[in-house]
Amino acid sequence: MLGFTMIELLAALALAAIMVAGVAVMTNSMLEDTRAQQAALYQSQLTAAATQLIQQNYSALAAAATTSTPVVASLSGSAYQMSTYMSSAMNNVNAYGQTPCLLIYGTSTAGALQALLVTEGGTTIPDAQLGFIAANAGSGGGSIQAMNNAGGAANGAFGSWTVASPNPAGASCSGTKTGVGHVASLIYYNGTQAQNADYLYRIAVPGDTTANTMQVPIGLATTETDYAACTQTAAIAADAASNVVICQQGPTSSAQWVPQASYHWREPVADYASLASVAVAAQGDVRMTAKTNRAYTYNGSTWQALAVDEAGDLALGNAQTLGAACPTVASGTTLISTDSTGRVLSCNSKTGATWQAQAEINPQTVAADTDCAIAVGQAGATDFVCGTTPTAAAYDSTRGYYASVVTRSVPVLPANGAISVYAWAHLQDAYVTACPSTPKDISNGAGAYIVLYAELLDLSKSGAAQTIASVVNQSSKIVADLANVSVNLTHAMPLNNGAGYAVRLTTWWMVYGGADSTSFQPSYCGTGNNIFPLNGVVTSWNINPLY
């Protein structure tokens with residue numbers, strides 16, 4: 001019997017249809033497996049980047065993360081971003097369109113961090129694919145499955161770990177927090193775990209500058225001896241004192257381990273002449289001469305002593321204050337400095353260890369004292385205008401004169417110096433009753449006298465010991481006239497940091513012939529034949545401290 005019957009043909013078509021459907025299902029399953037495999041590889045790469053992020057920022061993350069509030073790190077655009085540790089070609093979503101988000105929480109163990117690298121949004125992944133992805137996502141791989149998981153816990157592949165509440169703070173990177181149908185990888189770090197995957201590369205790694213960057217100080221375990229011979233120039237090591245040493249040309253012009261305590265401070269030489277034979281000298285280098293212990297700097301062409309400027313002047317560069325305390329130094333050593341004006345100062349132990357200048361006269365610093373005082377005056381007298389009130393006139397029975405005293409304080413001298421005093425006393429013994437007329441004698445011919453006594457006082461002393469210098473002058477007898485006496489007193493004074501100095505001016509006078517020496521009223525005929533009253537006894541002065 002030849003050919004196929006209709007029944008046989010229909011049976012063949014049915015079998016072919018079943019086979020096509022099976023192939024379609026198989027093809028679709030293979031495509032889903034491939035998609036899941038790509039998602040697993042993507043998660044594995046992200047986990048490696050997230051681990052690096054946590055390790056390199058551990059201190060800051062440990063300080064910021066808590067058990068309830070995480071530090072959130074997205075792929076990019078956040079303070080901590082995983083893209084720093086990945087290729088810039090990486091997509092920002094996985095094969096299911098889900099966005100990665102790293103949630104870094106603190107734990108109950110001090111210093112320990114527990115992070116979940118989760119995915120957000122995109123297409124919800126069925127449990128079957130989630131299991132495959134978790135199993136192939138590398139270390140810590142897991143997921144949030146729907147089956148038997150009402151609480152939304154995250155579980156590791158094959159039950160390797162469980163986090164009952166993977167995101168207690170509800171944080172997210174995309175605005176949609178993670179949940180069922182998403183991938184989760186667990187990362188735990190406490191700061192002490194081995195980082196066998198981290199290496200410092202000797203050559204450049206394109207796109208990854210951190211591969212050539214040390215994140216912690218380098219410790220050099222092997223020590224070398226200073227100035228010992230070496231062979232590998234430019235090699236870096238440390239000596240026994242932890243100073244960095246470099247294998248380079250040393251003082252003996254051979255390769256040695258040369259200390260690098262300071263870039264420009266170089267090895268000492270025997271004396272100044274030896275500086276000329278230094279093999280390598282760079283501008284700014286400084287070397288000491290062992291013979292004189294003096295420092296020299298190289299200016300690019302010659303060696304120049306420090307503190308000497310280009311003009312050969314000594315540039316101290318200090319600004320001390322005259323009279324201020326200076327530090328105590330060893331015997332046989334003298335400190336030299338300058339003040340803000342350029343005055344040379346030395347530390348003088350004789351003045352109680354203070355900064356003192358050399359011999360000079362400088363009257364500007366301490367102001368002069370110029371004024372006068374009226375001992376016997378009267379209303380309306382304008383011949384003297386004084387700002388100082390003396391002591392009241394009192395009779396001195398020892399001398400038979402009346403006396404009045406003025407005491408003027410002198411500002412404390414900032415240095416050894418001198419005090420110069422010029423003082424002048426005035427007595428008027430004449431009056432008129434009508435103008436014009438010849439002046440009459442207040443003393444009725446008996447006469448009048450005036451004496452001026454100036455003393456320089458050291459207020460740190462007492463009694464008669466206070467007077468360290470004095471001068472006196474007396475007028476001759478006057479009748480119906482006036483008398484002026486003056487004194488000059490200049491005396492060298494040591495620095496007095498205690499009570500200071502003072503000038504005391506004592507004026508004695510007497511008008512005889514029955515006149516009242518404390519209230520006599522002299523006068524004269526002035527403009528328009530008017531009678532003008534005069535002051536009877538006046539003392540004036542000018543006191544100049546010099547140092």
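The values are calculated or read from the model by the stated rules, or taken from the named source; none is laboratory data. What you are looking at is a predicted structure, and each value in this text was computed from that prediction instead of being measured. Glycine also receives a Cβ, built like all others from the backbone with ideal geometry; neighbour counts cover every protein chain displayed.
Looking at the stretch 462-476, is at least one residue in contact with a Gly (Cβ under 8 Å, 6 or more places away or on another chain) and not acidic (Asp, Glu)? If you could, list the steps in order and put the result at the bottom.
Kept after step one, since they are in contact with a Gly (Cβ under 8 Å, 6 or more places away or on another chain), are these residues of the stretch 462-476: none.
Checked against the condition, which is being in contact with a Gly (Cβ under 8 Å, 6 or more places away or on another chain) and not acidic (Asp, Glu), the stretch 462-476 yields no hits at all.
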Considering only residues that are of a type in the set (Ser, Thr, Tyr) and surrounded by 15 or more Cβ atoms within 10 Å (Cβ to Cβ), look in the stretch 428-448 and name the one that is modelled with the lowest pLDDT. Ser443
Can you find a residue in the stretch 250-264 that is at pLDDT below 80, under 37 Å from the mean Cα position of the chain (by Cα) and more than 21 Å from Ala281 (Cα to Cα)? no
From the list Ala11, Ala65, Ala60, pick out the single residue that is at pLDDT below 75 and small (Gly, Ala, Ser). Ala11
If Ile104 passes every condition in (1) touching a Pro at 6+ places or on another chain (Cβ under 6 Å); (2) farther than 30 Å from Ala211 by Cβ but one, which one does it miss? (2)
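Has the stretch 252-265 got any residue that is touching a His at 6+ places or on another chain (Cβ under 8 Å), surrounded by 15 or more Cβ atoms within 10 Å (Cβ to Cβ) and not assigned by TED's automatic domain parsing to the domain that holds Met82? It would help to see each step written out before you state the result.
Taking the stretch 252-265 as the starting set, the residues that turn out to be touching a His at 6+ places or on another chain (Cβ under 8 Å) are none.
Within the stretch 252-265 (the criterion being touching a His at 6+ places or on another chain (Cβ under 8 Å), surrounded by 15 or more Cβ atoms within 10 Å (Cβ to Cβ) and not assigned by TED's automatic domain parsing to the domain that holds Met82), the answer is no, since none of the residues qualifies.
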I'd like to know if the stretch 71-88 contains one or more residues that are under 39 Å from the mean Cα position of the chain (by Cα), on the phi > 0 side of the Ramachandran plot and not hydroxyl-bearing (Ser, Thr, Tyr). yes
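Looking at the stretch 363-370, is at least one residue at pLDDT 85 or above, of a type outside the set (A, V, I, L, M), surrounded by 14 or more Cβ atoms within 10 Å (Cβ to Cβ) and within 30 Å of Ala448 (Cβ to Cβ)?
Within the stretch 363-370, the subset at pLDDT 85 or above is 368-370.
If we keep only those that are of a type outside the set (A, V, I, L, M) too, we end up with 369-370.
Next cut, surrounded by 14 or more Cβ atoms within 10 Å (Cβ to Cβ) only: 369.
Imposing the further condition that a residue be within 30 Å of Ala448 (Cβ to Cβ) reduces the set to 369.
Yes, the stretch 363-370 contains a residue that is at pLDDT 85 or above, of a type outside the set (A, V, I, L, M), surrounded by 14 or more Cβ atoms within 10 Å (Cβ to Cβ) and within 30 Å of Ala448 (Cβ to Cβ).
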Looking only at the stretch 80-103, how many residues end up being modelled with pLDDT under 95, among the aliphatic types (A, V, I, L, M), under 22 Å from Pro166 (Cβ atoms) and out of contact with any Lys or Arg (no Cβ under 7 Å at 6 or more places or on another chain)? 2
Any hit, the stretch 449-469, residues being among the acidic types (Asp, Glu) and over 30 Å from Gly323 (Cα atoms): no
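Does the stretch 510-529 contain any residue that is in the same structural domain as Pro390 (by TED's automatic domain parsing), over 25 Å from Tyr402 (Cβ atoms) and either touching a Ser or Thr at 6+ places or on another chain (Cβ under 6 Å) or buried (at least 18 other Cβ atoms within 10 Å of the Cβ) (or both)? If you could, list the steps in order and put the result at the bottom.
Going through the stretch 510-529, the residues in the same structural domain as Pro390 (by TED's automatic domain parsing) turn out to be 510-529.
Filter again for over 25 Å from Tyr402 (Cβ atoms), leaving 525-529.
Right, trim to either touching a Ser or Thr at 6+ places or on another chain (Cβ under 6 Å) or buried (at least 18 other Cβ atoms within 10 Å of the Cβ) (or both) and you get none.
No, there is no match, as no residue in the stretch 510-529 is in the same structural domain as Pro390 (by TED's automatic domain parsing), over 25 Å from Tyr402 (Cβ atoms) and either touching a Ser or Thr at 6+ places or on another chain (Cβ under 6 Å) or buried (at least 18 other Cβ atoms within 10 Å of the Cβ) (or both).
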Filter result (surrounded by 15 or more Cβ atoms within 10 Å (Cβ to Cβ), within 21 Å of Ala169 (Cα to Cα) and not hydroxyl-bearing (Ser, Thr, Tyr)) within the stretch 72-99: Val72, Ala73, Leu75, Gln81, Met82, Gln98
